[in-house]
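A.B. asks: Sharing a structure here in structure tokens format.
All of the numbers you see were taken from the coordinates with simple rules; none came from a lab. In this text the structure is predicted, and so the values were computed from the model without any measurement. In this analysis, Cβ positions are derived from the backbone assuming ideal geometry, glycine residues included, and neighbour counts consider all displayed protein chains.
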Amino acid sequence: MNNPVAQSSEPRVNLLGMTRAQLEQFFVELGDKKFRAQQVMKWIHQMGVIDFEQMTNIGKNLREKLQAIAEIRPPEIVSQKDSEDGTRKWAIRVEGGGLVEAVLIPEGDRATLCVSSQVGCSLDCSFCSTGKQGFQRDLTAAEIIGQVWLAIDSYNAFNSGNKRVVTNVVMMGMGEPLLNFDNVVSAMDLMLEDLAYGLSKRRVTLSTSGVVPALDKLATCSEVSLAISLHAPNDALRNELVPINRKYPIAELLRSAREYIDAQSDSKRVVTVEYTLIAGVNDSKEQARELAQLLRDFPCKINLIPFNTFAQSDYRRPSGNAVSRFWQVLVDAGFTVTVRTTRGDDIDAACGQLVGQVVDKTRRAERHRQAVETQAVRMV
Ligand code: SAH
Ligand code: SF4
């Protein structure tokens, strides 16, 4: 970003995904003052203004300069659907033609936005439709924070000053956030930044399947809440379900997650352990006992996710009784355990159902093949 003015023939730089530090650097390189960053951030993320012309506390000269070299461009909404239960789902087109989805799940006095970090995913977990579609590309920081911006904008909430539209964010949509490290960290920075969305660090959660070196690094630069996708009580089974386990086995993942929590300033934090229950695969009472044993000294709460079926998968969802049995073993062992409820059923917003409706109906099979996984989640 050396001398942006001189690069006016270049594509315009998108300010939407820039952190405060990056935006300050941008204005300094432009020969202006650092504090412009604060003004522009408030316009973008607190007032929802993306037209420089409307930024009335910025002089005409600078506005014109900005218009020549920069832009504030959220990703494009392809469709928006509302569920009877209040869940709202957006299909979002990102540059290059890929589609991702974001889902907002209101629940009582909170509303959790589930955000995607990549188009597809390279990790190929056996029960995940995103994994089946392969990896296309990382989302930019603008495309990640743009999902938050679009969600608030779609309720016209920037104007009404209603900050409660998005109270929590979970990085549990499509993709493995730790494999898109810098962009995800920048976007989460903006979620927490007072000049932007000002969410508390407890209300932003990153979920990872266990990219251990990246998780070790995250501990040095992030304070968000952590969820780990465990899904199995031993390495033999986890190797099958979550192939990255062959590289970074359970003990390594738990070590890294514990260190992440220990590095945080507040001592009361715990890791959320996600466990997708698949009938006949990882849902027996014995496996619940083994899980309780594995996690006995680990600071966590457990979130059970009954498997959501999708084409191309032979796995089945366990019965309600099987889920209860598994839950009971863990509760009896003293754990805090929640079961993730399916939300937005009628608009295909539950895990494994996303992106379907935006594609031509005649391409139903293809659509399922490419189904994008985003989590409609009840969290922390
Ligand atoms: N890549 C990250 C975040 C996205 S997936 C991760 O793996 O943690 C978010 C959660 O949904 C993960 O725990 C994932 O294992 C789970 N999940 C994926 N496919 C699912 C399905 N078909 N049914 C239920 N949960 C699923
Ligand atoms: Fe990727 Fe997460 Fe799906 Fe595994 S569960 S394939 S890491 S998105």
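A.B. asks: Kindly express, to the nearest 10 degrees and within the range 0 to 90, the angle between helix 60-69's C-alpha long axis and the longest C-alpha principal axis of the chain.
C.D. replies: Its long axis makes an angle of about 50 degrees.
A.B. asks: Take residue 341, project a point 7 Å from its Cα along the Cβ direction, then tell me which residues of the range 69-105 have their backbone nitrogen under 19 Å from it.
C.D. replies: Backbone N within reach: 82-89, 103-105.
A.B. asks: Here is a follow-up. In whole Hz, what ³J(HN,Hα) sequence does the range 244-260 give by Karplus (6.51, -1.76, 1.60; θ = phi - 60°), x for Gly and Pro?
C.D. replies: So the Karplus estimates, Gly and Pro as x, are 5, 5, 5, 8, 10, x, 3, 4, 5, 5, 5, 4, 5, 5, 5, 5, 4 Hz.
A.B. asks: Report the residue, chosen from 257, 227, 322, that carries the largest GNM mean-square fluctuation when the chain is represented by alpha-carbon nodes joined by springs under 10 Å.
C.D. replies: Among 257, 227, 322, the largest mean-square fluctuation in the Gaussian network model of the chain belongs to 322.
A.B. asks: By the gyration tensor of its Cα atoms, with a ≥ b ≥ c the square roots of the eigenvalues, what is the shape of the range 13-71: rounded for a/c under 1.5, prolate for a/b over b/c, or oblate?
C.D. replies: On the way: a/c = 1.35, a/b = 1.04, b/c = 1.29.
Here the range 13-71 falls in the rounded category.
A.B. asks: On to the next question. Ranking request for peptides 178-190, 39-51: highest mean number of other beta-carbon atoms within 10 Å first, then the rest in descending order.
C.D. replies: 178-190, 39-51
A.B. asks: Please compute the net charge surrounding residue 255, taking Lys and Arg as +1 and Asp and Glu as -1 over other residues with Cβ under 11 Å from its Cβ.
C.D. replies: Working: positive: 258; negative: 216, 252, 259, 262.
So the environment of residue 255 carries a net charge of -3.
A.B. asks: Let me ask you something else. How large is ³J(HN,Hα) for each residue in the range 303-316, as worked out from phi by the Karplus curve 6.51 cos²θ - 1.76 cosθ + 1.60 (θ = phi - 60°), to whole Hz, x for Gly and Pro?
C.D. replies: My calculation for the range 303-316 gives 10, 8, 10, x, 4, 9, 6, 8, 4, 6, 10, 8, 5, 10 Hz in order.
A.B. asks: What share of the DSSP beta bridges in the chain is antiparallel, in percent to the nearest 5?
C.D. replies: Numbers: 21 of 46 bridges.
Here the antiparallel bridges make up roughly 45 percent for the chain.
A.B. asks: Continuing with the same structure: Compute for the chain: radius of gyration divided by Kirkwood radius, i.e. Rg/Rh, restricted to C-alpha atoms, rounded to two decimals.
C.D. replies: Numbers: Rg = 21.3 Å, Rh = 21.5 Å.
Using only Cα positions, Rg/Rh for the chain is 0.99.
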